[in-house]
Amino acid sequence: MKWCSEFMKILMISPKTEGIGGVAQHVSTLIGKLREQGFTIKVVSSENTFIINKSGFRNPSFALFSIPKIFLRKYDIVHGHEAITAIPMLTTRGKHILTIHGIFSKSIEYIHGKFWNKVAKFYEKRFFKHIDTITVVSKSSYEYYKSIGYNPIYIPNAIDLNIIPKNGIREHPRQVVFIGRISKEKGIDILLQAFTKDILKNIDLIAIGNGPLRNNLEKRYTSKNIHFKGFLPRKIALKYLKGSDLFVLPSRIEGLSTSILEAMACKTPIIATNVGGNSELIRNGENGILIKPEDPDTLAFTIRNAFDNYSYMERLAETAYKDVCNKYNWNIVFKKYLEVYGL
């Protein structure tokens, strides 16, 4: 592989390659593994490209302003991550591979409404047909893009088991952690509502991440058992995950969550909503607990019950750890990307 890689140039386009977000972690790990094999990688991301840093403008402006950096340039592989990168990708020459982290049009509808969903569906049909290979990270995304006429390849998100810390950070006797974007789609408001219930008054929540709802929610939820940490480096966030009794992801919509994979690798018991890729990773009562979304009362009860039956949760976490080792580690997933590249 080293012999081949010395002569192969790969362009990687992604809105984010830094931070605790799932897409950023996926892309940065893939880049690192490719470089280890000797590939020459050019990276275009919002970290090195001008963007309009305002909600609703970040990704479109990234797509627009990345074009001059790569216009008509030739690469062996052009690998874009997230649907919006299809536009700049198609201004380059090479084998075009698009990895979609979720269902683009459905995410757009949830955030921006039905009109923009129609625009997004037009975009999916108009631009994706020019892509050589589409990969998706969840089975629900696979089924959707298959249904609209594409032939996607399923390559799940993965976790590098070598980054999991041996020791965690524990600040409270009973500690629950949320790691993710502080936004509506992640359901963080539902989790905060749950932590205002009396049955959770002796359990502490650590919320790690930034997002458009953070300032409002911090002002609104001031209970002593709710602790907003904001953005933390991934190494520190993982230590909180390792040191916590539970990881909770109350998403309204979700792809294949990297945070869930990290919790599985940390052997931290998981409670998640039964949406999107969560139900692909979590088998209710076997390797975690799934509950319906939009229900703070049920979420509060489930968290309380988890602490009351913690030996049961630990058994689920052991099964989850085996799952992540066997199905979702980077040694397996990296080989699948090399196959897509033609190696």
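Within the group ILE289, ILE253, which residue is at pLDDT 95 or above, within 20 Å of the chain's Cα centre (by Cα) and in the same structural domain as LYS197 (by TED's automatic domain parsing)?
Details: ILE253 fails: at pLDDT 95 or above.
The unique qualifying residue is ILE289.
Conditions (1) in a loop (DSSP other than H, G, I, E, B); (2) touching a strand residue (DSSP E or B) at 6+ places or on another chain (Cβ under 7 Å); (3) closer than 30 Å to ASN331 by Cα; (4) not β-branched (Val, Ile, Thr), marked per residue:
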| position | (1), (2), (3), (4) |
| --- | --- |
| LYS106 | no, no, no, yes |
| TYR123 | no, no, no, yes |
| ARG126 | no, no, no, yes |
| TYR142 | no, yes, yes, yes |
| TYR145 | no, yes, yes, yes |
| ASN167 | yes, no, yes, yes |
| GLU185 | no, no, no, yes |
| THR196 | yes, no, no, no |
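Quick one: is ASN216 of a type outside the set (Ser, Thr, Tyr), without any contact (Cβ under 8 Å) to a residue 12 or more places away in the chain and closer than 18 Å to LYS186 by Cα?
In short, yes.
Right, LEU343: of a type outside the set (D, E, K, R), surrounded by fewer than 18 Cβ atoms within 10 Å (Cβ to Cβ) and outside any helix (DSSP H, G or I) or not? Lay out the reasoning, then the answer.
Details: of a type outside the set (D, E, K, R): yes; surrounded by fewer than 18 Cβ atoms within 10 Å (Cβ to Cβ): yes; outside any helix (DSSP H, G or I): yes.
Against the criterion (of a type outside the set (D, E, K, R), surrounded by fewer than 18 Cβ atoms within 10 Å (Cβ to Cβ) and outside any helix (DSSP H, G or I)), LEU343 qualifies.
Evaluate the following for THR273: is it in contact with a Pro (Cβ under 7 Å, 6 or more places away or on another chain), within 17 Å of LEU205 (Cβ to Cβ) and of a type in the set (S, T, N, Q)?
yes
Return only the number of the condition from (1) surrounded by fewer than 16 Cβ atoms within 10 Å (Cβ to Cβ); (2) at pLDDT 95 or above; (3) under 26 Å from TYR328 (Cα atoms) that PRO68 does not satisfy.
(3)
Mind telling me which of the residues GLU294, GLU262 ends up being of a type outside the set (A, V, I, L, M), buried (at least 19 other Cβ atoms within 10 Å of the Cβ) and touching a residue at least 60 places away in the same chain (Cβ under 8 Å)?
Values: GLU294 fails: buried (at least 19 other Cβ atoms within 10 Å of the Cβ).
One residue alone meets the criteria, GLU262.
Where residues in region 232-243 are more than 10 Å from GLY168 (Cα to Cα) and surrounded by 15 or more Cβ atoms within 10 Å (Cβ to Cβ), which of them is modelled with the lowest pLDDT?
Restricting to residues being more than 10 Å from GLY168 (Cα to Cα) and surrounded by 15 or more Cβ atoms within 10 Å (Cβ to Cβ), the top hit is ARG234.
Only residues in region 114-132 that are farther than 23 Å from ILE97 by Cα count as the first member; pair them with residues that are of a type outside the set (A, V, I, L, M) and at pLDDT below 90, Cβ under 6 angstrom, at least 6 apart or cross-chain, and list the lot.
ASN117/GLU109
Would you please list the contacts, defined by Cβ atoms under 6 Å and residues six or more apart or on different chains, that run from a residue in region 152-168 that is free of Cβ contacts under 8 Å to residues at least 60 places away in the same chain to a residue that is not β-branched (Val, Ile, Thr)?
Listed pairs, sorted by first residue: PRO152/TYR142; PRO152/TYR145; TYR154/TYR142.
Has region 36-52 got at least one residue that is surrounded by fewer than 22 Cβ atoms within 10 Å (Cβ to Cβ), touching a residue at least 60 places away in the same chain (Cβ under 8 Å) and more than 22 Å from the chain's Cα centre (by Cα)? Reasoning before the result, please.
From region 36-52, those surrounded by fewer than 22 Cβ atoms within 10 Å (Cβ to Cβ) are 36-38, 40-43, 46-52; that's our starting set.
Cutting the leftovers down to touching a residue at least 60 places away in the same chain (Cβ under 8 Å) gives us none.
Looking for residues that are surrounded by fewer than 22 Cβ atoms within 10 Å (Cβ to Cβ), touching a residue at least 60 places away in the same chain (Cβ under 8 Å) and more than 22 Å from the chain's Cα centre (by Cα), one finds none in region 36-52, hence no.
Looking only at region 79-119, which residues are buried (at least 23 other Cβ atoms within 10 Å of the Cβ) and of a type in the set (S, T, N, Q)?
Correct list: THR85, THR99.
The values are calculated or read from the model by the stated rules, or taken from the named source; none is laboratory data. The shown structure was predicted, so the numbers you read here are calculated from the model rather than taken from an experiment. Quick reminder, even Gly has a Cβ in these numbers, built from the backbone with ideal geometry, and neighbours come from all protein chains shown.
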